Structure formats: structure tokens, C-alpha cells
1. Carbon and sulfur atoms: what percent of the 1.4 Å accessible area of the stretch 10-57 do they account for?
2. Relative contact order for the chain using alpha-carbon pairs under 8 Å, separation at least 6, rounded to a whole percent?
3. Counting only other residues whose beta carbon sits under 11 Å from that of D354, what net charge do I get with K and R as +1, D and E as -1?
4. Convert each backbone phi in the stretch 248-264 into a coupling constant with the Karplus relation 6.51 cos²θ - 1.76 cosθ + 1.60 (shift: θ = phi - 60°), then list the ³J(HN,Hα) values in order as whole Hz, x for Gly and Pro.
5. Viscosity 0.692 mPa s, temperature 37 °C: what is the translational diffusion coefficient of the stretch 230-278 from Stokes-Einstein with a Kirkwood Rh over Cα pairs, rounded to a whole number of µm²/s?
6. Cα to Cα, under 23 Å, and not fewer than 8 places away if on the same chain: which lysines meet these conditions relative to K51?
7. For the chain, what is the Kirkwood hydrodynamic radius in Å, using each pair of distinct C-alpha atoms?
8. For the stretch 8-41 and the stretch 189-237, what is the separation of their C-alpha centers, rounded to whole Å?
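The values are calculated or read from the model by the stated rules, or taken from the named source; none is laboratory data. Please read these numbers as outputs of a predicted model, since none were measured by experiment. A quick note on method: Cβ atoms are made from the backbone with ideal geometry, for glycine too, and the neighbour counts reach across all protein chains shown. What goes into the accessible areas is simple: the full protein's heavy atoms, side chains included, and nothing from ligands, DNA or RNA. Shrake-Rupley method; radii C 1.70, N 1.55, O 1.52, S 1.80 Å.
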Amino acid sequence: MKAKGEMKILVLSSVLIAISLRIFYNYLISVPERPNIDLQRWWGSGPKAAKEDESIRPFKIDFNDTMIQDLKKRLINRRRFTKPLEGIQSEYGMNTDYLEKVLKYWVEKYDFKKRAELLNKFPHYKTRIQGLDLHYIRVTPKVDKNIKVLPLLMLHGWPSSSKEFVKVIPTLTTPQDGYDFVFEVIAADLPGYGFSEGTNKPGLNPVHIGVMMRNLMLRLGFKQFYVQAGDWGSQCATLLVTLFPENVLGYHSNMPVSLRRISTVKMFVGSLFPTWIDADHPERLYPLTKHFTYVFRESGYFHLQFTKPDTIGAALTDTPVGLAAYLMEKIAIVSNRDQLDTPHGGLESLDLDDVLDTVTIMWTNECFVTATRLYSEGFRWPEDIALQDTPTEVPTAALKFLHEVAYQPDWMLRDKFVNLVRSTSFDFGGHFAALHNPKEFAEDVFASGAEFLKFHSQKK
Ligand SMILES: *[C@@H]1O[C@H](CO)[C@@H](O)[C@H](O)[C@H]1NC(C)=O
């Protein structure tokens with residue numbers, strides 16, 4: 001009798017657990033209601049203009065003499081640095097002995113005019129979208145009629161700009177063996193970054209930047225296009241492809257992330273059997289203690305910028321030395337996270353001129369604050385949260401370099417990107433992929449383009 005009673009309780013509780021798990025799972029995968037988004041929301045100063053200037057204006061990058069002289073004066077008239085602690089390289093932050101060498105190079109060797117000239121080899125433009133002047137590079141390939149031209153919007157992140165793509169644009173816009181298509185590249189500066197104007201209104205989060213970027217592509221005459229993005233650009237792009245699947249034919253990301261609730265739970269569940277959910281690279285996310293140790297060690301800047309961007313912004317807008325130290329420490333760690341025991345901390349996996357281009361562009365445009373405020377706007381507005389949790393059917397390709405800040409196995413990525421048509425991992429490379437490894441990067445974009453075309457031809 002007793003055994004029978006126990007049996008009943010066991011069966012009953014198993015059923016209850018199964019039902020609860022099912023309800024929890026249903027909650028995790030439920031898709032939020034699509035938020036209402038004003039697709040012409042005004043981000044310019046003051047009230048919305050009755051009629052927007054829709055002209056497209058050619059633009060040239062100019063590092064002028066007044067700016068250069070003022071910058072050099074500030075770099076030379078700086079106060080003395082505190083020496084690194086004995087036996088310490090980059091473990092406490094930017095190594096000031098190393099910083100001193102970089103600043104000397106910036107003053108004496110970095111060729112401002114030549115660097116601007118290199119950027120100006122590409123055609124630059126500005127146009128006004130929803131009240132803000134947006135800057136972009138547009139390279140249209142000259143090819144035979146039998147070669148298809150795929151429009152490709154490219155989006156960078158923090159603390160970067162469209163400059164990040166200049167090493168891959170020539171390859172992407174030139175026909176490659178084995179492919180019957182080529183890309184027309186539109187590499188845009190996010191609002192508040194590079195040479196694009198920033199807003200003075202709160203709320204310009206990745207959703208609305210995605211909307212602006214779609215409006216930019218529509219302005220240029222592209223109703224359907226492809227997107228390539230990393231870092232914050234990939235946040236904007238992810239929400240763009242979620243909102244407008246009808247406009248995007250394929251999405252390639254070198255920092256693909258699913259922020260769906262189910263993916264977060266999977267991250268923890270996956271720690272029980274890492275090799276089962278990610279046979280190739282379980283060590284990139286697991287053990288979670290290792291992952292969170294890294295995140296905790298390196299994400300202080302994120303919390304600062306998420307909560308108080310204007311304070312650090314006031315300081316760094318006023319000093320190129322401070323700006324360089326702060327940006328280069330971040331650029332170094334995401335380039336190679338295992339080199340804190342060197343004076344450069346990882347920075348030397350990039351060309352110093354490329355690094356200084358980024359610092360110079362931010363200094364010249366005084367845009368640290370407008371760029372950095374994106375950390376405050378991301379992840380907290382309801383429309384952002386709802387769209388993060390909404391899957392998208394736009395075919396997507398993931399490219400994963402070794403030192404990328406965020407890593408997720410495909411098992412998690414598929415929660416968000418239902419049609420993950422390609423996934424590539426490399427045992428090298430960092431966060432600024434198009435600068436670190438332009439060859440592998442461009443090859444992967446081509447291979448992904450072929451997958452996207454195949455996806456659409458099979459659907460027909
Ligand atoms: C030089 O560049 C700075 C920074 O972009 C700008 O504020 C300034 O107006 C420019 N000066 C001249 C004379 O063009």
C-alpha cells in the first residue's frame with residue numbers, strides 16, 4: 001500500500017515539474033509584441049523641420065593646421081606621468097612609459113595630412129537623416145553587366161568609425177575568383193561618431209539608429225540591401241534586421257549576439273555540458289567562472305559609460321593625452337586579452353597609425369560624449385528590449401575571431417537568427433576584425449554573400 005502511495009506522489013510531482021518547465025520554456029521563447037516606432041522621429045536640435053534637406057553632399061576629411069597645432073601644443077604641454085609600479089606592465093591600466101612613446105610618435109611621426117589623404121581616396125558624403133548630418137563612405141564598383149552588385153551597409157562600433165573598413169573596401173568592391181557578384185559598400189558613421197552629427201535628445205538607442213540607417217539606405221535608393229556589422233554597429237544592425245526583414249537580404253556579423261531570454265538561460269544550462277552544445281570552442285565561453293572573471297576585470301568602463309558618460313566625457317574632451325590613454329587601453333584589451341603582461345597590453349596587434357586615426361578622428365570631432373552615450377541608451381528602452389527578444393528570419397552569417405568581446409555558440413545564436421546560414425571561427429584575431437585580419441574578413445563576407453544568394457534562390 002505504502003509503495004503505491006509513494007509511486008503516485010512521484011508520478012504526480014514529475015508531471016507537475018514537466019508542466020512547470022514547459023510553462024517556463026514557453027515564457028522564455030514567447031515573442032514580445034512589436035513596438036510602435038516612429039520611423040521619422042526627429043533627432044536634430046529644436047522642433048522637427050517642416051521640410052528636411054534631402055541633398056547628398058560630397059565631403060572631404062580635413063585635419064587642418066589650426067587643429068593640428070592646438071593638439072600638438074596640448075600633447076607637449078602635459079604634466080608628468082606617474083610611473084608604472086615596479087614589475088608591472090599593463091595590469092593596472094595603460095602603461096605610462098609606453099603611452100609616452102606613443103604620444104611622442106603622435107607629435108613627431110604621425111602624418112596627419114597623409115592619413116587624411118588615405119581616407120579621402122574613397123568618396124565621402126554627408127546627408128541629413130531625421131535632423132542629423134550623417135557621414136558615410138560609398139564605393140560603387142565598376143563592373144561588367146554579368147557581375148551582380150550587392151549593396152552592403154557596413155556599421156562599426158565604439159570607439160570607432162567608418163575608417164575601420166578602409167582595408168576591406170577595396171577587396172569587397174572588386175570581383176573575386178569564384179564569385180559572380182561584388183559589393184557596393186556604404187560604410188556609415190553612427191550618429192555621434194566620426195564625422196556624423198550627434199543628437200541632443202535622449203533615447204537615440206540602437207533601435208532608432210537602425211531606423212536611421214535604413215532611412216539612409218532608402219535615401220540612396222536601396223530598397224533591399226545587405227548589412228555587415230560589429231560591436232555597437234551589430235546591435236543596431238540586429239535590431240534593423242529584426243524590424244525590417246523586407247529590406248535586408250542578408251546580415252553578416254563579426255560580433256553576433258542573441259540577447260533573447262532563452263539564450264541567457266541556455267548559457268547557464270550549457271555550462272553543464274559545454275562540449276555537447278559547442279563541440280568546436282567550448283573554451284571560449286566555459287567555464288563560466290573564467291568568462292565572468294574576464295568580464296568583471298574588463299567591463300568597468302562599460303558600467304561607467306552606461307551610467308555617467310557625461311562626466312568622463314567632460315574630462316576626455318579636454319585632454320588628448322587622457323583621450324588617447326583611455327581609448328588605447330580599451331582598444332588593446334579587445335585586440336588581445338592575454339597580453340596584460342606586456343607594455344602595450346595588446347595594442348601592437350594593430351598598426352599604430354590605425355589606432356591614432358581613431359583617436360584623432362574622435363579628438364577632431366569632439367565626439368567622445370556623443371559616441372559614448374550610446375552605452376547609456378542601449379539595453380534599457382522598452383522598444384530595444386522587446387526587439388532584442390524577437391527572432392529574425394533574415395539569413396545571417398556569424399564570423400567569430402578569437403579575442404572578440406562577446407562569444408556565443410551557434411546553439412544560442414539560432415534563438416535570435418533562425419536562419420544562421422554560415423558560422424566561421426578563427427583561432428586568431430580581435431574585435432576590430434576588418435583592421436586586424438582584412439583578408440579573412442573580406443573572404444568571409446564574400447562566402448556569406450554566396451550563402452545569402454543561395455538562401456533566396458532556394459526559397460523561390
Ligand atoms: C579646423 O578643424 C577644427 C576641428 O574639426 C574645426 O573646429 C575648425 O573650425 C577648423 N578650422 C578651420 C580654419 O577650418
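1. Working: 2500 of 3900 Å².
Using a 1.4 Å probe with all protein chains present, the stretch 10-57 comes out at 64 percent carbon and sulfur.
2. Working: 742 pairs, mean separation 88.4, N = 460.
Once divided by the residue count of the chain, the mean separation gives 19 percent.
3. Details: positive: R115, K163, K167; negative: E164, D351, D353, D357.
It works out to a net charge of -1.
4. Whole-Hz 3J(HN,Hα) from phi for the stretch 248-264: 10, 8, x, 10, 10, 10, 9, 9, x, 9, 9, 9, 5, 4, 4, 5, 5.
5. My calculation gives 263 µm²/s for D.
6. Cross-link targets: K126, K201, K223.
7. On the way: mean 1/r = 0.0424 Å⁻¹.
Across the chain, the inverse of the average 1/r is 23.6 Å.
8. Computed from Cα coordinates, the inter-centre distance equals 33 Å.
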